[in-house]
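The values are calculated or read from the model by the stated rules, or taken from the named source; none is laboratory data. These numbers were taken from a predicted model, which means no experiment stands behind them. Here the Cβ positions follow ideal geometry from the backbone for every residue, glycine too, while neighbour counts run over all protein chains shown.
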Amino acid sequence: MTDVAAVKAALKTQAIETPSWAYGNSGTRFKVFTQPGVPRSPREKLDDAAKVHEFTGAAPTVALHIPWDRVDDYAALARYAEERGLRLGAINSNTFQDDDYRLGSVCHPDAAVRRKAVAHLLECVDIMDATGSRDLKLWFADGTNYPGQDDIRARQDRLAEALATVHERLGDDQRMLLEYKFFEPAFYATDVPDWGTAYAHCLKLGDKARVVVDTGHHAPGTNIEFIVATLLREGKLGGFDFNSRFYADDDLMVGAADPFQLFRIMYEVVRGGGFTPDVAFMLDQCHNIEAKIPAIIRSVMNVQEATAKALLVDRAALASAQAAGDVLAANAVLMDAYDTDVRPLLAELREEQGLDGDPVAAYHRSGWAAKTAGERVGGAQAGWGA
Ligand code: PSV
Ligand code: MN
Ligand code: MN
């Protein structure tokens with residue numbers, strides 16, 4: 001698509017979901033550096049998310065993580081979000097922070113622990129009913145550290161049984177997104193290590209089960225856009241957890257480590273018909289040393305820039321170069337789009353939407369950081385870190 005008006009129209013429809021935990025304090029296992037003005041409650045996280053949406057116009061939903069965002073009344077929390085122009089997005093389950101889960105959760109050898117984990121997942125679906133959320137995002141820390149520690153196949157059977165129970169409980173408009181990660185916290189065998197395992201489970205489960213691609217969850221050198229193309233082709237791509245990595249699961253700002261990879265991913269999304277609400281564009285990041293709200297705004301902008309470039313690829317020219325077997329011309333078409341400076345186009349688009357062309361500068365001018373630093377004392381930890 002090279003028609004700039006059409007590119008702009010498409011970009012206006014893009015929604016990027018921000019994670020509640022990105023607004024809280026986080027760190028590595030060595031240190032959590034607290035920051036002034038950090039939210040003390042789920043409501044304050046929503047207040048901050050509303051700022052990201054106010055300045056970008058592109059972040060209307062917020063993902064919750066349970067129990068990090070536990071409240072008494074989820075419907076009231078959804079109303080609170082609505083009053084701020086937001087909606088609650090994916091509900092992320094957490095079966096990794098309880099002593100009972102030392103040997104796993106839904107794959108644990110003890111049926112009583114598996115029941116506890118499944119009960120939590122079902123509770124997450126109850127929460128979705130109250131919040132109006134469409135997606136349940138499942139990531140399991142399950143795995144083993146040593147060969148022989150447990151039966152790898154039996155663990156897959158236990159996983160399949162738990163997933164089937166949850167799938168059965170989903171409402172007509174609800175989905176479950178299964179996330180894979182090749183290592184950590186398990187260092188020998190992870191029970192959902194790759195897209196193939198996630199896909200095999202989702203295929204058996206049925207239409208409400210989709211795979212979610214966390215861009216930080218692959219071995220170095222993995223061709224993530226190939227995975228994206230394949231999952232889209234199979235109708236099984238549920239969405240993304242965007243972030244970037246230099247080494248492992250670094251959870252840095254998306255597009256920071258490798259903007260070219262993000263462009264290649266977005267190109268396959270566009271090419272594969274994935275630029276629809278069926279594919280959720282979510283961030284899953286932590287901002288350990290940098291200011292959180294501007295980092296999240298920057299991340300939203302990075303996704304928009306990669307998307308704009310992907311939409312600018314001259315697909316007719318690409319197809320004819322490919323058909324002619326002209327390797328260099330085909331590559332040049334793709335690179336031309338990648339090398340385009342789309343920042344003026346996005347600034348113009350924002351101005352057309354009544355926004356400031358420079359969302360980070362507008363946020364800094366707003367005084368929100370100073371206001372919250374004065375009002376909020378004792379910010380909450382995101383859930384990660386020591
Ligand atoms: C696991 O590393 C993960 O990517 C999962 O999505 C978790 O729910 C999330 O991190 C929490 O940040
Ligand atoms: Mn993730
Ligand atoms: Mn992760």
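Residue 235 fulfils the conditions (1) closer than 24 Å to residue 337 by Cα; (2) more than 16 Å from ligand 1 (Cβ to nearest atom); (3) surrounded by fewer than 17 Cβ atoms within 10 Å (Cβ to Cβ) except for a single criterion, (1). Figure legend. Inter-residue proximity from the stretch 326-349: first residues under 19 Å from residue 261 (Cβ atoms), second residues at pLDDT 95 or above and not in a helix (DSSP H, G or I), beta-carbon distance below 8 Å, spacing 6+ or different chains. Indicated pairs: 333/313; 333/314; 334/313; 336/314; 337/313; 337/314.
To keep it simple, each residue is scored yes or no on (1) farther than 18 Å from residue 17 by Cα; (2) in contact with a Gly (Cβ under 7 Å, 6 or more places away or on another chain); (3) in contact (Cβ under 8 Å) with a residue 40 or more places away in the chain; (4) exposed (fewer than 15 other Cβ atoms within 10 Å of the Cβ).
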| residue | (1), (2), (3), (4) |
| --- | --- |
| 33 | yes, yes, yes, yes |
| 36 | yes, no, yes, yes |
| 46 | no, no, yes, no |
| 50 | no, yes, no, no |
| 58 | no, no, yes, no |
| 75 | yes, no, yes, yes |
| 78 | no, yes, yes, no |
| 91 | no, no, yes, no |
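The residue list 239, 273, 221 contains one member that is out of contact with any helix residue (DSSP H, G or I) (no Cβ under 9 Å at 6 or more places or on another chain), away from ligand 2 (no atom under 13 Å from the Cβ), of a type in the set (Gly, Ala, Ser) and on the phi > 0 side of the Ramachandran plot, which is 221. Hey, any hits in the stretch 93-111 for a residue that's buried (at least 24 other Cβ atoms within 10 Å of the Cβ) and either of a type in the set (Phe, Trp, Tyr) or at pLDDT below 95 (or both)? No, because not a single residue in the stretch 93-111 is buried (at least 24 other Cβ atoms within 10 Å of the Cβ) and either of a type in the set (Phe, Trp, Tyr) or at pLDDT below 95 (or both).
Among the candidates 341, 356, which residue alone is of a type in the set (Asp, Glu), touching a helix residue (DSSP H, G or I) at 6+ places or on another chain (Cβ under 6 Å) and surrounded by fewer than 20 Cβ atoms within 10 Å (Cβ to Cβ)?
After applying the criteria, what remains is 356.
Among the candidates 177, 203, 121, 136, the residue that is under 19 Å from the mean Cα position of the chain (by Cα), more than 16 Å from ligand 3 (Cβ to nearest atom), closer than 30 Å to residue 220 by Cα and modelled with pLDDT of 95 or more is uniquely 136.
Only one of the listed residues (250, 258, 194) is among the charged types (D, E, K, R), away from ligand 1 (no atom under 16 Å from the Cβ) and free of Cβ contacts under 8 Å to residues at least 40 places away in the same chain. That residue is 258. Counted as qualifying within the stretch 200-300 are the strands (runs of 3 or more DSSP E) with 1 or more residues that are among the aromatic types (Phe, Trp, Tyr), namely 237-242, 280-283. On the given criteria, is residue 136 buried (at least 21 other Cβ atoms within 10 Å of the Cβ), within 16 Å of ligand 2 (Cβ to nearest atom) and within 24 Å of residue 79 (Cβ to Cβ)? Yes; evaluated as a whole, the condition is true for this residue. With respect to the stated conditions, residue 326 fails to be at pLDDT 95 or above, surrounded by fewer than 16 Cβ atoms within 10 Å (Cβ to Cβ), closer than 16 Å to residue 11 by Cα and out of contact with any strand residue (DSSP E or B) (no Cβ under 7 Å at 6 or more places or on another chain).
Is there a residue being among the basic types (Lys, Arg), within 16 Å of residue 255 (Cα to Cα) and either surrounded by fewer than 21 Cβ atoms within 10 Å (Cβ to Cβ) or out of contact with any Gly (no Cβ under 6 Å at 6 or more places or on another chain) (or both) anywhere in the stretch 294-303? Within the stretch 294-303 (the criterion being among the basic types (Lys, Arg), within 16 Å of residue 255 (Cα to Cα) and either surrounded by fewer than 21 Cβ atoms within 10 Å (Cβ to Cβ) or out of contact with any Gly (no Cβ under 6 Å at 6 or more places or on another chain) (or both)), the answer is yes, since at least one residue qualifies. Checking 122, 159 one by one, the residue that is farther than 27 Å from residue 243 by Cα, hydrophobic (A, V, I, L, M, F, W, C), assigned to a helix (DSSP H, G or I) and in contact (Cβ under 8 Å) with a residue 40 or more places away in the chain is 122 and no other.
For residue 64, the conditions (1) more than 16 Å from ligand 1 (Cβ to nearest atom); (2) under 30 Å from residue 247 (Cα atoms); (3) surrounded by 23 or more Cβ atoms within 10 Å (Cβ to Cβ) all hold with the exception of (1).
The condition of being closer than 30 Å to residue 132 by Cβ and not in a helix (DSSP H, G or I) does not hold for residue 150. Annotation: residue 162 fulfils all but one of (1) within 16 Å of ligand 1 (Cβ to nearest atom); (2) in contact with a helix residue (DSSP H, G or I) (Cβ under 8 Å, 6 or more places away or on another chain); (3) closer than 20 Å to residue 205 by Cβ; the unmet one is (1).
Total residues in the stretch 206-224 satisfying the condition of being of a type in the set (Lys, Arg) and either surrounded by fewer than 23 Cβ atoms within 10 Å (Cβ to Cβ) or within 11 Å of ligand 3 (Cβ to nearest atom) (or both): the figure is 1.
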